[in-house]
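A short reminder: the numbers here are calculations on the coordinates, not readings from a lab. Since the structure is predicted, the reported quantities are computational estimates derived from the model, not experimental observations. Glycine also receives a Cβ, built like all others from the backbone with ideal geometry; neighbour counts cover every protein chain displayed.
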């Protein structure tokens, strides 16, 4: 028999990560899906790891001639702490908007501290994975280059285990008082705004950190001046964020073969993190419980009698059924934080990150300007804009999760007098709307940067829109064929929906492939617009024409 | 008028029939209660009547229009109150009602008049500008009742409509059901609350293990039960219902043996 706390952690983990026990995998299809998901996870993980490994290798090559390669360890601890704090902050915050189902737990004979501890463990498990990943990449680079003793790896794992504790405890210490005191924060919309703000801030800060450190690594004189002596940047960082210094000391001692000397630093890291965690559980559990129970408290806006009459006269206006379906789809998706932040928001977030990268790299603008001159006048700039716009327009996951998101509402929706065709095409219209915004922001934005002419820019946007429309149409097909209809948490319908990952990666692969093909073909702007844009439009038309019949047949087999 | 003929359904992941050869007619001008224990096939039947689930065999017609042959025309002829009001929390109440008005092709003047009248009746006219997510369950239920009547349908289908309603709203809903039946319209609802069924239904049907056990008035049920058990004469609907379902369970076990 499990203890109540273990049962609680298992329940929370299952609900949060959409896990199910292996005993529930019955058919070969279940196992095939699991294998596919594991494979996808490995591919995406390896892809990200490759990016970080390349960055770490570049840093190693820049630091090693000065004998400062150990700074990679400091860097990894700082990056892991930043990532854990920011991502953990968002996850902790979103816990309030998912708390409706958790409220019944408060009626059970479980203390507030145990409930909070279970939540803490679930967030920790998620963030520990990030910590291991980010620290691990740097350890592997150093491990391969420096061949440290085995104890280095053990201390590395222990450091990764300890690192998330303090940032997460700090995040709780910041969030609980805010959620307790600020009534305006007790709504999903407020959570969406705050989570989005932290997400953007994190993405920007992370980019700023990576971009600026990469720029400085290219300057050996700066490196020696700031890192070689006492009172250096490293000591300042260590004072400001002790866990990073503890990690650096522990791992650099282990790398030098003196792991016994490194062990107390790991212990210090654990002690600090566990003390902060204990502080949270001891002093914040009650306030946390109260704020969770108060979340979503009714804040009805009541109209006066005369106002109500006027409101009805003013606000009810007949319109078409299709328009109503599009409006419903748009409102239901874009007002749900989990859906919006993991979907259409990418159209705004990605350009913002690029603008920041551009801003930080302005010192290198001279070389960038030379590169820009080279692409101006040829089709390369036009194609680069189209590729970026196509990516943004394809990455919103609107169409690829269209049916899955409505799983709970299907019994009510299918009783309405609307055709399957209209119901699903309204969702496509929503996806195409954001696809167009993505194409304009991506291709149009790059056209501005590259000073493309109007016709060139318009063709670039058109090409991006044609491609993203095809990707969205394909996404609609995939989610109609294999929707995720059984879930307890909207995360499962959106973020953990393999259909959106398939479309995202498929679009990236297709854009990459077409980009490569463009280097072989010499078609010119009109030629590429006709060949690529026309091809995408034709494929879209084929899928669009056959979709209604397919959807009709598929819906007949649904059992909502 | 609703007519169900030979309606059967077996779910793809199940071997037994959830609904087995159900024949039913719900006439205009009557309130018809659909009763059954949990897992009896009530919800599956309601889903097939509303076009949410396709039957394996049999047909559903609404005012003589075959639901499978012309689903849009058939669906326009009924209003439906689903059993789960937690689905539209991201919309404002006015947005939901306007959506229903558009879907059921209701003119601006008619929808304003009906929303005004019904929201006053159910005492939610002052919160129409608020988000549905901020409503209590009872308020949501009232809103969906209004949405289902925005096109003044000839047939009204309600799935467990009394859940979450306060006594006043439950009374108002029963009054409204009676008023619509008196106006020659058909009211078909499922419920677990036998007291409500006893008080307002003109006829009832009892389903268990996917099969219809009885269709008729409560008096007819009492007469039927008296033939097998003399003590049944004094029983209320609850007693009659439990006896009927109990007999069906015993018969089912007998069949399995």
Exercise. In what order do A:277, A:239 fall by count of nearby beta-carbon atoms within 10 Å, going from fewest to most?
Worked result: A:239, A:277
For this session: Let me know the Rg and Dmax you get for region A:433-477 when you use only its Cα atoms, in Å.
Result: 11.1, 37
Exercise. Please report, for the Cα atoms of region A:76-178, the Rg to one decimal and the Dmax as a whole number; what are they, in angstrom?
Worked result: 16.6, 56
Exercise. Can you give the helix-only mean residue ellipticity at 222 nm for the protein assembly as shown, where every DSSP H stretch with n ≥ 4 adds -39500 (n - 2.57) and the sum goes over all residues, rounded to the nearest 500 deg cm²/dmol?
Worked result: -21500 deg cm²/dmol
Problem set entry | In degrees, nearest ten, helix B:167-182 long axis to first principal axis of chain B (Cα) | 80 degrees
Exercise. What is the distance, in nm, between label points placed 7 Å from the Cα along the Cα-to-Cβ direction at residue A:310 and at residue A:64?
Worked result: 7.5 nm
Seminar exercise, completed: Two pseudo-spin positions, 7 Å from Cα along C-beta at residue B:105 and at residue A:53, lie apart in nanometres by 6.2 nm
Exercise. Over all pairs of distinct alpha carbons, what does the Kirkwood formula give as the hydrodynamic radius of chain B, in Å?
Worked result: 19.2 Å
For this session: Please work out whether region B:17-128 counts as rounded, prolate or oblate from its C-alpha gyration tensor, where a ≥ b ≥ c are the square roots of the eigenvalues and a/c under 1.5 means rounded, while otherwise a/b larger than b/c means prolate and anything else oblate?
Result: prolate
Seminar exercise, completed: For chain B, longest principal axis from Cα atoms; helix B:218-228 axis from its Cα atoms; angle between them, nearest 10 degrees, is 10 degrees
Seminar exercise, completed: What one gets for region A:443-550 as the Kirkwood radius, inverse of mean 1/r over different Cα pairs in Å, is 15.7 Å
Exercise. Put a dot 7 Å past each Cα toward the Cβ at residue A:553 and residue A:31; how far apart are the dots in nm?
Worked result: 3.0 nm
Problem set entry | Two-site FRET efficiency, residue A:7 against residue B:183, from Cβ-Cβ distance with R₀ of 56 Å, rounded to 0.05 | 0.55
For this session: Provide the FRET efficiency to the nearest 0.05 for the residue A:174-residue A:110 pair, computing r from the beta carbons and using R0 = 22 Å.
Result: 0.30
Problem set entry | D (Stokes-Einstein, µm²/s), Kirkwood Cα radius, region B:19-84, 1.567 mPa s at 4 °C | 101 µm²/s
Seminar exercise, completed: A correct Kirkwood calculation over the Cα atoms of region A:10-165 returns a hydrodynamic radius in Å of 18.2 Å
Exercise. Roughly how compact is region B:85-152, stated as its Cα Rg over 2.2 N^0.38 Å to two decimals?
Worked result: 0.98
For this session: Quote the FRET efficiency, to the nearest 0.05, computed for residue B:25 versus residue A:40 with a Förster distance R0 of 56 Å and r equal to the Cβ-Cβ distance.
Result: 0.60
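Note down, for region B:89-206, the three equivalent ellipsoid semi-axes (square root of 5 times each alpha carbon gyration tensor eigenvalue), biggest first, whole angstrom. It would help to have the intermediate numbers written out before the result.
Numbers: eigenvalues 115, 59, 28 Å².
Calculated on Cα positions only, the semi-axes equal 24, 17, 12 Å.
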Seminar exercise, completed: Full extension between residue A:17 and residue A:505 adds, at 0.36 nm per residue less the Cα distance, a length in nm of 173.6 nm
Problem set entry | In Å, descending, principal axis extents of the Cα set of region A:242-365 | 79, 52, 25
Seminar exercise, completed: Note on chain B, DSSP bridge orientation, antiparallel percent to nearest 5 equals 50 percent
Exercise. Among A:336, B:160, B:25, B:238, what is the fewest-to-most ranking by other Cβ atoms within 10 Å?
Worked result: B:238, B:25, B:160, A:336
Seminar exercise, completed: Using the Cα gyration tensor of the protein assembly as shown, the equivalent ellipsoid's semi-axes, largest first and to the nearest Å, work out to 56, 34, 25
Exercise. Give me the log10 of I(q) over I(0) for region A:321-557 at q = 0.09, 0.10 Å⁻¹, as the Debye formula computes it from C-alpha points; what are the numbers?
Worked result: -0.40, -0.49
